[in-house]
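Chemist: Provided herewith is a single structure, encoded as C-alpha cells, for subsequent inquiry.
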Amino acid sequence: MSQALPLAGIRVIELCQNLAGPFAGQILASLGAEVLKIERPEGDDARGWGPPFVDGTATAFLALNHDKHSVTLDLKDARCVDWLKARIAGADVLLQNLQPGALDEIGLDAATLRALNPRLVYCALGAYGHRGPMAAMPGYEPIVQAFAGLWSLNGEQDRPPARIGVPLLDLGSGLWAALGCVAALHRRQATGAGGTVDTSLLETALAWLPVTLAHFQASGEPPPRHRSGSAALVVFQSFATADAEVVVAAANDRLFARLCSALGHSEWAQDPRHASNALRVQHKDALLGAMKAVFRGECSAHWLARLQAAGIPCAPVNDLAAMAQSAQVQALDLLQPLPGAELQVVGLPLAFDGVRPPVRAKAPALGEHNPLYGLPPATARPSL
C-alpha cells in the first residue's frame, strides 16, 4: 500500500495460543500493528494442530500468525517476567487468552500492568466471560458451542444436533477483541488512558443469536432445525437439481413472484395461501414440495442462469475448491500467497481506498526473533 496502514506504529504484545487470541493479533497485525507473540519454550499448541503441516508447522498456526514476531519466554522464571514487563511498559496493547488467573499469579494482571503503563489497552479473551460462576473454567470451541445452544440449532430435524463446522466462536471472539482494542485506542486519544477489554467465546455465541433468541422469547418454542431453510422465511433454502444443489433466497413478496415466474408457475404467486411470507410459512410443505419437483427437472447451471436473469438471489452449493476457483473470489484478491510457503491464506476482509492490505511475512518460526530482542536462541531455555 502506498499509504501507511491504519494501525502503523501501534505496538501489541500477544500472550495467546490456539485460535481466538492469535486471530485477534492477526487482525491487528494485518492493520499494520507491530505484534510481538510471546510463546512458551515449547511453542503455541496450535503449531502442532495437524495434519496437515507445511514445513513442519500446522496450517492452522500459519493461517493465524503471519506478519508477527515470535520470541520464547519461560514465564516461570522471574527474570523473564521482568523482561516482559519492560516490553509492556512501552506497548499499546496486550492480548491474552491464557487460563484464567494464570497471569495474576505472576504479576501480569490488568491492574498491575495498567499501573505500570496507564496508556495500555489490556484485552483478555476467555471461554465463559470475566465474571460469573463459570468464569474460571476452561473451554474450547465445541464445548462452548454446545453450552450456548448452537448445536441445538444445527443439522436436520430428525437427526441429532450437530456442531457448526467452522470455529465461529474462536474467530468471532478474536474479531470482537480486535474491535474492542481499536475502540479503546480511539478513546485513549481523547482521555490519554488505556483500559481493560474483556470478551469470551460464550459472549460471542450469544452475540450471534439476537434474532434466534428474540424468536424463541416471543414464541416460547425452540426453533426447529433446518438443513438449509429458515423457520421464518419461505422461500429461503437449497433445492436439489438434476445434478447438484442451488440455494435460493426469495425473501419478500416481489422476489417470490419472480421466482414463481422463473419456475414456470406464475399461478403460485397468485394463490391466496402464498399472499404473504407468514402465509407461505404456514403452507410451506405443499409449496416447497411442488418447487422441489420443478428444480429436479433441470441441472444447476440452467437454474442459476434463469434465476440470476430474473434478479433472484441464488448460488451454487460450492465446495472449497469451487469457491477458491470462482472468478469472484479471485477478483477480490482475498486468498493471498503466504511468503516463503506453498500456501495461500485469507487476507484481511477489508480494503482501504480500494486496496487490500497485503500479507507481508509468513508466520514466524518458534522464537525466530529472540536475537532481535536480545534473548537467547530459542533452542536454549530462554531464561535471562
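Chemist: Which of the helices (runs of 4 or more DSSP H) found entirely inside the range 273-384 contain at least 3 residues meeting this: surrounded by fewer than 12 Cβ atoms within 10 Å (Cβ to Cβ)?
Modeler: On the way: elements: 277-282, 284-295, 300-309, 320-325, 327-332.
Hits in the range 273-384: 284-295, 320-325, 327-332.
Chemist: Okay, moving on. Take the residues in the range 177-207 that are under 18 Å from the mean Cα position of the chain (by Cα) and free of Cβ contacts under 8 Å to residues at least 40 places away in the same chain, then tell me which one is farthest from Tyr122 (Cα to Cα).
Modeler: The residue in question is Ala207.
Chemist: Sort through Leu15, Leu19, Leu28 and tell me the only one that's within 13 Å of Ala177 (Cβ to Cβ) and touching a Cys at 6+ places or on another chain (Cβ under 7 Å).
Modeler: Working: Leu15 fails: touching a Cys at 6+ places or on another chain (Cβ under 7 Å); Leu19 fails: touching a Cys at 6+ places or on another chain (Cβ under 7 Å).
Result: Leu28 is the single residue among Leu15, Leu19, Leu28 that is within 13 Å of Ala177 (Cβ to Cβ) and touching a Cys at 6+ places or on another chain (Cβ under 7 Å).
Residue by residue, here is whether (1) more than 20 Å from Gly90 (Cβ to Cβ); (2) buried (at least 21 other Cβ atoms within 10 Å of the Cβ); (3) of a type in the set (Val, Ile, Thr) holds:
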residue	(1), (2), (3)
Lys37	no, yes, no
Pro41	yes, no, no
Trp49	yes, no, no
Pro52	yes, no, no
Thr57	yes, yes, yes
Phe61	yes, yes, no
Leu64	yes, yes, no
Ser70	no, yes, no
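Chemist: Considering only the range 20-35, state which residues are buried (at least 24 other Cβ atoms within 10 Å of the Cβ) and not in a helix (DSSP H, G or I).
Modeler: Answer for the range 20-35, where residues must be buried (at least 24 other Cβ atoms within 10 Å of the Cβ) and not in a helix (DSSP H, G or I): Ala33, Val35.
Chemist: Quick check: anything in the range 56-75 out of contact with any Leu (no Cβ under 8 Å at 6 or more places or on another chain), at pLDDT below 95, of a type outside the set (Ser, Thr, Tyr) and over 25 Å from Ser200 (Cβ atoms)?
Modeler: Taking every residue of the range 56-75 in turn, at least one turns out to be out of contact with any Leu (no Cβ under 8 Å at 6 or more places or on another chain), at pLDDT below 95, of a type outside the set (Ser, Thr, Tyr) and over 25 Å from Ser200 (Cβ atoms).
Chemist: For the list (1) farther than 14 Å from Thr199 by Cβ; (2) surrounded by 22 or more Cβ atoms within 10 Å (Cβ to Cβ); (3) not small (Gly, Ala, Ser), I need the number of the one condition that Tyr122 fails.
Modeler: Condition (1) is where Tyr122 drops out.
Chemist: Working carefully through the options Pro142, Pro138, find the one that is assigned to a helix (DSSP H, G or I), in contact (Cβ under 8 Å) with a residue 12 or more places away in the chain and surrounded by fewer than 15 Cβ atoms within 10 Å (Cβ to Cβ). Before you say what the answer is, go through the steps one by one.
Modeler: Values: Pro138 fails: assigned to a helix (DSSP H, G or I).
Unique residue meeting the criteria: Pro142.
Chemist: Further question: Sort out which residues of the range 81-105 are among the acidic types (Asp, Glu) and surrounded by 13 or more Cβ atoms within 10 Å (Cβ to Cβ), and write them in order of number.
Modeler: Applying the first criterion (among the acidic types (Asp, Glu)) to the range 81-105 yields 82, 92, 104-105.
Once the filter is applied, which keeps residues that are among the acidic types (Asp, Glu) and surrounded by 13 or more Cβ atoms within 10 Å (Cβ to Cβ), the range 81-105 yields only Asp92.
One line per residue, one yes/no per condition, for (1) closer than 30 Å to His274 by Cα; (2) of a type in the set (A, V, I, L, M); (3) in contact with a Lys or Arg (Cβ under 7 Å, 6 or more places away or on another chain):
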| position | (1), (2), (3) |
| --- | --- |
| Val144 | no, yes, no |
| Gly165 | no, no, no |
| Arg188 | no, no, yes |
| Glu221 | yes, no, no |
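Chemist: Is it the case that Ser228 is over 30 Å from Leu7 (Cα atoms) and among the hydroxyl-bearing types (Ser, Thr, Tyr)?
Modeler: Yes.
Chemist: Pull up the range 145-158, narrow it to residues that are assigned to a loop (DSSP other than H, G, I, E, B), under 20 Å from the mean Cα position of the chain (by Cα) and small (Gly, Ala, Ser), then point me to the one that is nearest to Gln17 (Cα to Cα).
Modeler: Out of the qualifying residues, it is Ala148.
Chemist: Looking only at residues in the range 5-19 that are more than 20 Å from Thr72 (Cα to Cα) and in contact (Cβ under 8 Å) with a residue 40 or more places away in the chain, which one is surrounded by the most Cβ atoms within 10 Å (Cβ to Cβ)? Don't jump to the end; show me each part of the working.
Modeler: So in the range 5-19, the residues more than 20 Å from Thr72 (Cα to Cα) come out as 5-10.
Then keep just the ones that are in contact (Cβ under 8 Å) with a residue 40 or more places away in the chain; that gives 5-7, 10.
Working: Leu5: 18, Pro6: 15, Leu7: 24, Ile10: 21.
It comes out as Leu7.
Chemist: When the range 62-77 is examined, which residues are found to be aliphatic (A, V, I, L, M) and not in a strand (DSSP E or B)?
Modeler: Filtering the range 62-77 down to residues aliphatic (A, V, I, L, M) leaves 62-64, 71, 73, 75.
Once the filter is applied, which keeps residues that are aliphatic (A, V, I, L, M) and not in a strand (DSSP E or B), the range 62-77 yields Leu62, Ala63, Leu64, Leu73, Leu75.
The values are calculated or read from the model by the stated rules, or taken from the named source; none is laboratory data. Quick caveat, the model's predicted, so the values are computed rather than measured. A quick note on method: Cβ atoms are made from the backbone with ideal geometry, for glycine too, and the neighbour counts reach across all protein chains shown.
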